Amino acid sequence: METKQNGPIGRPRGFDADEALERAMLVFWKHGYEGASTANLTNAMGISTTSMYAAFGNKEKLFRKALERYSEGPSAYLARALEEPTALGVATAILAGTVRTTTRPASPRGCLGVQGALTASDSGQEVCDLLVAWRNDGYSRVRERFQRAVDDGDLPAETDPGLLARYVTTFAYGIAVQAASGVGRDELQEMADAALRNWPLF
């Protein structure tokens, strides 16, 4: 009599996929997509190349998963900032969150979403496009929040929410670049405070 067996037959994975993805995210964050070699990734993740491909797919798929993890973890301050009751509170929280995240002592400096693939070879173009879409999505969410602030009377009726959102997100990305260049947290926070001193800006 045959016994039906449910599920795939094979050896157990033998490693913590969640921890491996966290380590891969840090490698991509530090080196960028093209700068992160397969050896860099597997050494940091503590697994073989075969295991990496079996668990996460190819390098591009791994990067996509790492970016999702970054969005839900280090970059989650954006979602929290959008819940602030005022537009000024939103902008303040976005810039403060950017300063904190891009200068954390235990993490690479800068922002994975900004520096992950500013330029890329043909083989990395899809990742470059992915990060453009990631940044554009962040801008759109901020613009929608500022539009709501205009509609609610929190911002003057003549305010251009798109221009204001572009200003805040561009400044945030600039903070990330400066952080990656070694500018300290205190100086970056002073810059962020100065950027919003004459609110509303537009």
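Which one of Gly14, Gly110, Gly10, Gly97 is assigned to a loop (DSSP other than H, G, I, E, B) and modelled with pLDDT of 95 or more?
None of the other options fit; the residue is Gly110.
Within region 47-64, does at least one residue satisfy the condition of being modelled with pLDDT of 90 or more, touching a Lys or Arg at 6+ places or on another chain (Cβ under 7 Å), part of a helix (DSSP H, G or I) and not hydroxyl-bearing (Ser, Thr, Tyr)? Working first, answer last.
We begin by selecting, within region 47-64, every residue modelled with pLDDT of 90 or more; these are 47-64.
Those left that are additionally touching a Lys or Arg at 6+ places or on another chain (Cβ under 7 Å): 55-56.
Restricting the remaining residues to those that are part of a helix (DSSP H, G or I) gives 55-56.
Retained after the next criterion (residues that are not hydroxyl-bearing (Ser, Thr, Tyr)): 55-56.
Looking for residues that are modelled with pLDDT of 90 or more, touching a Lys or Arg at 6+ places or on another chain (Cβ under 7 Å), part of a helix (DSSP H, G or I) and not hydroxyl-bearing (Ser, Thr, Tyr), one finds at least one in region 47-64, hence yes.
Hey, could you check region 182-202 for residues that are part of a loop (DSSP other than H, G, I, E, B) and without any contact (Cβ under 8 Å) to a residue 12 or more places away in the chain and say which is farthest from Ser107 (Cα to Cα)? First the steps, then the outcome.
Step one: list which residues in region 182-202 are part of a loop (DSSP other than H, G, I, E, B), which gives 182-184, 196-202.
If we keep only those that are without any contact (Cβ under 8 Å) to a residue 12 or more places away in the chain too, we end up with 183, 197-198.
Details: Val183: 15, Arg197: 29, Asn198: 32 Å.
The residue in question is Asn198.
Right, Glu126: in the same structural domain as Glu187 (by TED's automatic domain parsing), surrounded by 14 or more Cβ atoms within 10 Å (Cβ to Cβ) and charged (D, E, K, R) or not? Steps first, answer last, please.
Values: in the same structural domain as Glu187 (by TED's automatic domain parsing): yes; surrounded by 14 or more Cβ atoms within 10 Å (Cβ to Cβ): yes; charged (D, E, K, R): yes.
Spelling it out, Glu126 is indeed in the same structural domain as Glu187 (by TED's automatic domain parsing), surrounded by 14 or more Cβ atoms within 10 Å (Cβ to Cβ) and charged (D, E, K, R).
Of all residues in region 42-74, which are buried (at least 20 other Cβ atoms within 10 Å of the Cβ) and under 30 Å from Phe146 (Cβ atoms)?
Those that are buried (at least 20 other Cβ atoms within 10 Å of the Cβ) and under 30 Å from Phe146 (Cβ atoms): Ala66, Leu67, Tyr70, Pro74.
Here is a list of conditions, (1) part of a helix (DSSP H, G or I); (2) exposed (fewer than 14 other Cβ atoms within 10 Å of the Cβ); (3) of a type in the set (A, V, I, L, M), and Val142 meets all of them except one; can you say which number that is?
Answer for Val142: the failing condition is (2).
Cβ-Cβ below 9 Å, separation at least six or inter-chain, first residue in region 26-44 and not assigned by TED's automatic domain parsing to the domain that holds Leu112 and among the acidic types (Asp, Glu), second at pLDDT below 95 and surrounded by 20 or more Cβ atoms within 10 Å (Cβ to Cβ): which pairs?
Glu34/Ala117; Glu34/Val127
The values are calculated or read from the model by the stated rules, or taken from the named source; none is laboratory data. The structure displayed is predicted, hence computed values, not measured ones. Every residue, glycine as well, gets a Cβ built from its backbone with ideal geometry; the counts of neighbours run over all protein chains shown.
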